[in-house]
Amino acid sequence: LEDVTGVVKPVTGVTTRKLDSSRHEYAARGFRIGKILIDGIPTAFSSGQDLGESQSSAVIYDHVEVVRGATGLTTGFGNPSAAINLVRKGADSKELTGDVSVTGGRWDSYGATADVSAPLTESGNVRSRVVASYEDEHSYIDYYEDKTSVLYGVVDADLNDATRFRIGASHQENDPTGSQWGGLPVWFSDGTRTDWDRSKTIGADWTRWPSTNNTYFTSLEHTLDNGWELSAKLDRLTQEGDLRLLFISGAVDPNTGLGLSASPRRFVYERAQNRATLTANGPFQFAGREHEAAVGAIYSKIEFDGYGFDRDPEPPQGPGNFFEWDGNYPEPEWSNKTQDNERDQTEISLFAMSRISLTDRATAIVGARAFKYESESKNFATNDKDERDLVTPYGGFIYDLSDTMSAYVSYASIFQPQDVVDEDIEPIDPIEGDSYEAGVKGEFMDGRLNASLAVFHIKQKNNTTFGGSTTVNGRTFFFYEKLDEVRSDGYEIDVAGELAPGWNVSAGLSSFALRDENGEAANTEYPRRTLKLFSKYRFQSGALRPLTVGGGVNWFSESETDSTNAGTGNPETVRQGSYSLVSLMAKYEFSKQLSAQVNVENLLDETYYNQIGFYSQLGYGEPRNVTATLNYSF
């Protein structure tokens, strides 16, 4: 699990799709996931407007948490899908420890990672940790290569037995070349469907999608004698990139390979986010029973600036015979840098939540977040300003059926701003609605196995689906269509744990139905049903004791997107049938310090689309891939 996208793929009910070579979109319960959190604090990530977050390396994170369903209480804005929380590694070791690994894979992909912790004082009350990683990965896609470097450092200090201070920073550079903007043509000019090799690309030898992400963070945590925990955090995130891209569109003549148009573009962007949080949580006594409460405040300020360049010559020439495309396309001369987009967004919020113990078996959860949201955006076509003062309530009830099983119900309101525009280049209103959920959770086999069942009902308005492209003042804009109201109903089943000594299993099944106000299926680009099953076994004795073997399968039901046939001009649906991706792994421990592991992804070499319909184009998923890793720990 090398990056954020790889980490969320195995999660029950979560689907991912690759919009192009550098952008990913996540979804759950039929809706895009629009929130990524770092240490519990929402970031500026916007699914579909990905500026490098989905490519964030996993090496700097201790673990990743995914909460499915509306999360307005914890993320500020309630999202009906899910929230992804990335928890950074801390400096916890009071002695020198670490591990070093090297990796090699198919298509000349190589990498190395080092993760070292060390005390800075003799007592170990001040500790440090440094993580460094470098990857040079080629691809099954022609001419594409991505170089990624990561550096992370953190210092933890125990000021006393009850107070911890942390300060750290991270830096990641993604430097892909041969980048794609969008996907491959879906139709020939006679209206028939295309059938490309999976290695086919629209990238040119000069196209690139680089991104530089920096974070700086500090925190102070203190535990009071009464059990209350106080926390203060400050973060600053900066992102920048200089994108040189080529958009190819149209229908291909099946005989000559001609007919496509090409639109080179250069974009430069800068985005900065400053965040501050104050939280307090702990127990309190009332009416002879112990309860829990949490209160907090969050401040977030996001500034985004995007710039475009004029090009010479104008208009650009076509790509020629696309059957013979080799990425050799002239890069224009770029001139006259002008600001295309500017966006400032500020959120100030206060939240309070309490877990009230009603009886020994019954617990009520009530909470709300009050926030002030201000957004001002402008581009060369429109200006927009939005100010809102809102309260998003949350409530739940838990009943312990036994010492190992609980039943629950919950409600949360939904409010989610969107960074998308309609066909008139006007911003689309925030998503609003309600989310209801009920379920049962339990642990079995003396706590070695966890299981849960959840059913949900979500209704929202102002949901969006991709509409197409339009040109304003010589610039290409991609717009979305608004759905007045949609409803999602479904269920999720999770089972995970150790069935026998050394045998671990994780299984998840999800299913939902999503319909608009007319009863028609909506957001059909996301599969309605998914099944994810993984199993791993470590031999317990004999000569095979150092060996661990495992495998898994991800199954996805069919998905489809309504589009327009570029050859005939008629409406047409693009479909992806159901498919399964099988994986295997084996790990051998030569000693307590040295181990080797082999992973095989897409074992059966399934051919499938990893996206259909975005920009009315398509992309193919990765063929069979084999990766080997050698790891040394000390």
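Observations on the model:
- Residue within the range 275-294 that is open to solvent by less than 60 Å² (accessible area, probe 1.4 Å) and within 30 Å of Tyr144 (Cα to Cα) present: no
- Applying the criterion of at least 1 residues that are at pLDDT below 90, within 15 Å of the chain's Cα centre (by Cα) and charged (D, E, K, R) to the strands (runs of 3 or more DSSP E) found wholly in the range 19-88 leaves 24-28, 61-68.
- Strands (runs of 3 or more DSSP E) enclosed by the range 534-598 - at least 3 residues per element that are among the aliphatic types (A, V, I, L, M), over 23 Å from Val100 (Cβ atoms) and at pLDDT 95 or above: 579-589
- Qualifying position, being within 30 Å of Leu453 (Cα to Cα), more than 25 Å from the chain's Cα centre (by Cα), open to solvent by 50 Å² or more (accessible area, probe 1.4 Å) and not polar (S, T, N, Q), among Tyr399, Tyr408: Tyr399
- The range 187-217: number of residues that are over 18 Å from Gly613 (Cβ atoms), in contact (Cβ under 8 Å) with a residue 40 or more places away in the chain and outside any loop (DSSP other than H, G, I, E, B): 7
- Restricting Thr277, Thr256 to those that are of a type in the set (Val, Ile, Thr) and either farther than 30 Å from Glu342 by Cα or touching a His at 6+ places or on another chain (Cβ under 6 Å) (or both) reduces the list to Thr256.
This table checks each residue for (1) more than 21 Å from the chain's Cα centre (by Cα); (2) among the basic types (Lys, Arg); (3) buried (at least 16 other Cβ atoms within 10 Å of the Cβ).
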position	(1), (2), (3)
Pro527	no, no, yes
Gly550	yes, no, yes
Trp555	no, no, yes
Glu558	yes, no, no
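- Index of the failed condition, Asp419 passing every other in (1) surrounded by fewer than 18 Cβ atoms within 10 Å (Cβ to Cβ); (2) part of a loop (DSSP other than H, G, I, E, B): (1)
- In the range 2-14, the residues that are more than 11 Å from Val64 (Cα to Cα) form Cβ pairs under 7 Å with partners that are buried (at least 20 other Cβ atoms within 10 Å of the Cβ) and among the basic types (Lys, Arg), at six or more places apart or across chains, as follows: Pro10/Lys532; Thr12/Lys532; Gly13/Arg29; Gly13/Arg68.
- Ala451 among the aliphatic types (A, V, I, L, M), over 30 Å from Ala362 (Cα atoms), modelled with pLDDT of 80 or more and touching a strand residue (DSSP E or B) at 6+ places or on another chain (Cβ under 9 Å): no
- For the range 220-232, the count of residues that are in a loop (DSSP other than H, G, I, E, B), touching a Gly at 6+ places or on another chain (Cβ under 9 Å), surrounded by 20 or more Cβ atoms within 10 Å (Cβ to Cβ) and on the phi > 0 side of the Ramachandran plot is zero.
- Residues of the range 151-170 include none that is outside any strand (DSSP E or B) and surrounded by 22 or more Cβ atoms within 10 Å (Cβ to Cβ).
- Considering residues of the range 334-382 that are of a type in the set (Asp, Glu) and part of a strand (DSSP E or B) only, the residue modelled with the lowest pLDDT: Asp340
- Only one of Leu220, Leu159, Leu184, Leu224 that is out of contact with any His (no Cβ under 8 Å at 6 or more places or on another chain), among the hydrophobic types (A, V, I, L, M, F, W, C) and free of Cβ contacts under 8 Å to residues at least 40 places away in the same chain: Leu159
The values are calculated or read from the model by the stated rules, or taken from the named source; none is laboratory data. Since we're looking at a predicted model, the values are computed, not measured. Glycine gets a Cβ as well: all are built from the backbone with ideal geometry, and neighbour counts include every protein chain shown. Calculation scope for accessible area: heavy atoms of the full protein, side chains included, ligands and nucleic acids excluded. Shrake-Rupley method; radii C 1.70, N 1.55, O 1.52, S 1.80 Å.
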